[in-house]
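Just so it is clear, none of the values below were taken in a lab; they were calculated from the coordinates. On a predicted model such as this, the values are computed, not experimentally measured, just so you know. We place every Cβ from the backbone using ideal geometry, glycine too, and count neighbours over all the protein chains shown.
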């Protein structure tokens, strides 16, 4: 399936891959967990853009563009949410950490649905992996309000990266 895809640049990679999967496997569920200002995803975006030639090599370690990555992920997940309303959902947690599975947030994270209902990540995941989709909603923090913007300092970003890469 992917051997038939035309080459794609960094800005269009996620929509192309997830869109291809969601349309090809339209009876399956696709969930995406991320943090609003994921420092590791920003690092990968930097690598892809340097590889594409759209940014200079010194941009690899430039994390001042975390808000750029963040705005793109809102745009990408929003587009996927619209394009695949039946089988795609997102869960966007506050902060700049990467992943949830090896941390306490796996058990403690919860976000409020549009209907005002608190839904834990565990319940969201159960909804995605079962026939009970009551908790499988598009959930996210609110940018500029409660997405962890206070972590977007050099120290905060290094802390997120350190947490991710520690053993």
Theoretical gain in end-to-end length, residue 86 to residue 101 [0.36 nm per residue, Cα-Cα removed]: 2.9 nm
The range 28-165: relative contact order in percent, alpha carbon pairs under 8 Å with at least 6 residues between: 32 percent
Share of alpha-carbon pairs per 10 Å distance bin for the range 1-91, given as whole %: 16, 44, 32, 8, 0
Options [x] 22, 19, 17; [y] 31, 23, 14; [z] 26, 22, 13 - which one matches semi-axes √(5λ) of the Cα gyration tensor in Å as calculated here: [z]
Computed E for residue 130/residue 59 - FRET, C-beta separation, R0 35 angstrom, nearest 0.05: 0.25
Sorted by Cβ density within 10 Å, fewest first, the residues 98, 12: 12, 98
Pairwise centroid distance, computed over Cα atoms, of the range 146-163 with the range 46-104, Å: 15 Å
Antiparallel DSSP beta bridges within the chain, as percent of all bridges there, nearest 5: 25 percent
Mean Cβ neighbour count within 10 Å, used as a protection proxy, ranking 58-66, 13-21 highest first: 13-21, 58-66
Residues in the range 59-84 reached by a label modelled at residue 16 [backbone nitrogen below 16 Å; 7 Å Cα→Cβ]: 76
